[in-house]
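The structure appears below as structure tokens.
Derivation of every value follows stated rules applied to the coordinates shown; laboratory data play no part. Predicted model only: the values in this text are computed from it and were never measured. Here the Cβ is made from the backbone with ideal geometry for all residues, glycine too, and neighbour counts use every protein chain on show.
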Amino acid sequence: MEAWYLVAGLGNPGPQYERTRHNAGFLLAERLARRWGADWSVERAFESRLARVSRGNARVLLCQPLTFMNLSGRAVVALARYFQIPADRILVAVDDADLALGQIRLRPGGGTGGHHGLESVLAHLGTDAFPRLRIGIGRQPGTREITGYVLSPFTAEEWERLQPVLDRAAEQVECWLDHGLARAMNLYNGWVNPPPGRSDET
């Protein structure tokens, strides 16, 4: 019997948010759908935009919650319950201002780092033991208040730099599905094309 997996890319719905930094999770979900030739459909019962695909012995749900970021857990838990997907087969992709643009980091669980989307998923699932893939967006130097920054669009230069990051993150998701979490972390965590003077470990 095929096992269900859920890959939830978090973000905010609507054209005004399409290329904003906070929508890095949405952008990864779209990149995966294109790689897999999957078609999207809006399914109101799950408050989500969904795409379904088979990979080997796994069936994968790609999800973009339409609840807005801070209520993302509502859509994730509805899908997890209906399709009987355990937490360790739910990967949540989000932006991370504490990682530089160009870095990705997959972890098996842990805290939320103050990310409201992750907080919502954790609260609704009742556990932090779900994989999360953080896509670095960096932050503005000298400020901790980042609301305006994350809700603003990537600059043209940032958008260009983001494309290989999304490709690499998509490969990491595929590795997780095909070979497991440990291998996906070992092979892909770190810098994507690190800038001069930076190593994969920094």
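Values as computed for the structure displayed
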read-out: Where only alpha carbons of the range 26-77 are counted, the Rg and the Dmax (Å); value: 11.1, 33
read-out: Gained length - A58 relative to V42, 0.36 nm times residue gap less alpha-carbon distance; value: 3.6 nm
read-out: Burial order of peptide ranges 180-191, 16-27 (average beta-carbon count within 10 Å, highest first); value: 16-27, 180-191
read-out: Residue-averaged [θ]222 nm for the chain, counting only DSSP H segments that reach four residues, each worth -39500 (n - 2.57); value: -10500 deg cm²/dmol
read-out: Of G37, G56, G117, the one that fluctuates the most in a GNM where the chain has Cα springs shorter than 10 Å; value: G56
read-out: The range 3-191 - percent relative contact order, Cα under 8 Å, separation 6 or more; value: 25
read-out: Dipole of the chain, positive end: most advanced residue of P194, P15, C175 [Cβ charges, Cα centre]; value: C175
read-out: Distance between modelled label sites at R183 and A156, nm, 7 Å Cα→Cβ extension; value: 4.2
read-out: Value of Rg to Rh for the chain (Rh from inverse mean 1/r over Cα pairs, i.e. Kirkwood); value: 0.94
read-out: DSSP bridge pairs, the chain: antiparallel proportion in percent, nearest 5; value: 55
read-out: Relative contact order (%) - the range 49-112, alpha-carbon pairs under 8 angstrom, separation at least six; value: 16
read-out: The range 3-191 - charge dipole about Cα centre, Lys and Arg +1 at Cβ, Asp and Glu -1, debye rounded to 20; value: 340
read-out: Listed residues G102, G113, G73, most fluctuating in the chain (Gaussian network, C-alpha, under 10 Å); value: G113
read-out: Full-extension gain in nm, A3 to Q84, via 0.36 nm per residue minus C-alpha separation; value: 28.2 nm
